[in-house]
Amino acid sequence: DAGVIQSPRHEVTEMGQEVTLRCKPISGHDYLFWYRQTMMRGLELLIYFNNNVPIDDSGMPEDRFSAKMPNASFSTLKIQPSEPRDSAVYFCASSLSVNRNYGYTFGSGTRLTVV
Amino acid sequence: AQTVTQSQPEMSVQEAETVTLSCTYDTSESNYYLFWYKQPPSRQMILVIRQEAYKQQNATENRFSVNFQKAAKSFSLKISDSQLGDTAMYFCAFKADFGNQFYFGTGTSLTVIP
């Protein structure tokens, strides 16, 4: 199993540009989570999906952020327009519902730098 | 709402020694799970150990063990025979039995000194 795959690993963009982060969950996992990690705020849940349907997006900071999961094997997190304060590491994680009390499997994260 | 507190931003330990990382949490839930995750410089979040709140026995995974004090809402991680590869950020996390969200502490940066 290749684990949770995120791309790109690093992204540097200019303020105002659109940024798209990608995630491929573990095959068969029906939950997918997007987290943001910063020094100031630690790990924050942005949104999560169950069976491709967004369940809770209350952590999405503002309308500039959007997430989609068009199928069971792919999700995107988009920021448009990006701002310097969006600079952070963005993690995707997945889990299987029957095993969700056993912890998530995380991807390696995307480090986003907005200049 | 659940909160997880890690009061030690940074710690260090000599190689081969034992170190304990602290974590406290606040919840009104009766059934829940607690976790310790390790984040090495590679950034990968790795599950170290898991504790079920309804089990009194403390979880153990090789050199890693926990001291779970349910009444005190405390969940500390003990690393025995520390190795250089243990150098990482360590996050304590909480999950309610019927919830889907994990709540993370702010992390403790552990450095193992040769």
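The values are calculated or read from the model by the stated rules, or taken from the named source; none is laboratory data. For clarity, every value in this text was computed on a predicted model and none was experimentally measured. Cβ sites come from the backbone with ideal geometry, for glycine too, and all protein chains shown count toward neighbours.
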The one condition in (1) in contact with a Lys or Arg (Cβ under 6 Å, 6 or more places away or on another chain); (2) surrounded by fewer than 16 Cβ atoms within 10 Å (Cβ to Cβ) that residue A:81 fails to fulfil: (1)
Within the range A:77-110, considering residues that are part of a strand (DSSP E or B) and among the aromatic types (Phe, Trp, Tyr), the one nearest to the other protein chains (Cβ to nearest Cβ): A:106
Every residue from the range A:49-76 that is assigned to a strand (DSSP E or B) and either in contact with a Cys (Cβ under 7 Å, 6 or more places away or on another chain) or within 26 Å of residue A:17 (Cβ to Cβ) (or both): A:49, A:54, A:65, A:66, A:67, A:68, A:69, A:70, A:74, A:75, A:76
Residue in the range A:7-25 that is closer than 17 Å to residue B:45 by Cα, part of a helix (DSSP H, G or I) and either polar (S, T, N, Q) or in contact with a Leu (Cβ under 9 Å, 6 or more places away or on another chain) (or both) present: no
Neighbours by Cβ (under 6 Å, 6+ apart or cross-chain): first from the range A:75-93, at pLDDT 95 or above; second assigned to a helix (DSSP H, G or I): A:79/A:86
Test: residue B:3 is surrounded by fewer than 20 Cβ atoms within 10 Å (Cβ to Cβ), modelled with pLDDT of 95 or more and at negative phi: no
Scan of the range B:1-58 for residues that are touching an Asp or Glu at 6+ places or on another chain (Cβ under 9 Å), part of a strand (DSSP E or B) and within 24 Å of residue A:59 (Cβ to Cβ), ordered by number: B:3, B:4, B:5, B:32, B:33, B:34, B:38, B:50
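What residue, among those in the range B:59-82 that are without any contact (Cβ under 8 Å) to a residue 24 or more places away in the chain and farther than 30 Å from residue A:107 by Cβ, is surrounded by the fewest Cβ atoms within 10 Å (Cβ to Cβ)? Walk me through it before giving the result.
Step one: filter the range B:59-82 for residues without any contact (Cβ under 8 Å) to a residue 24 or more places away in the chain, giving B:59-63, B:65, B:69-71.
The next check asks that each one be farther than 30 Å from residue A:107 by Cβ; those that pass are B:69-71.
Working: B:69: 12, B:70: 15, B:71: 5.
Taking the candidates together, the pick is B:71.
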Lone unmet requirement of (1) among the aliphatic types (A, V, I, L, M); (2) more than 10 Å from every other protein chain (Cβ to nearest Cβ); (3) under 22 Å from residue B:106 (Cα atoms) for residue A:39: (2)
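Every residue, every condition in (1) without any contact (Cβ under 8 Å) to a residue 24 or more places away in the chain; (2) acidic (Asp, Glu); (3) farther than 16 Å from residue A:113 by Cα, yes or no:
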position: A:32; (1), (2), (3): no, no, yes
position: A:36; (1), (2), (3): no, no, no
position: A:43; (1), (2), (3): no, no, yes
position: A:53; (1), (2), (3): yes, no, yes
position: A:60; (1), (2), (3): yes, no, yes
Residue within the range B:21-38 that is closer than 30 Å to residue A:7 by Cβ, surrounded by 18 or more Cβ atoms within 10 Å (Cβ to Cβ), out of contact with any Leu (no Cβ under 7 Å at 6 or more places or on another chain) and modelled with pLDDT of 95 or more present: yes
From the options B:102, B:94, B:98, residue that is out of contact with any strand residue (DSSP E or B) (no Cβ under 8 Å at 6 or more places or on another chain) and within 14 Å of another protein chain (Cβ to nearest Cβ): B:98
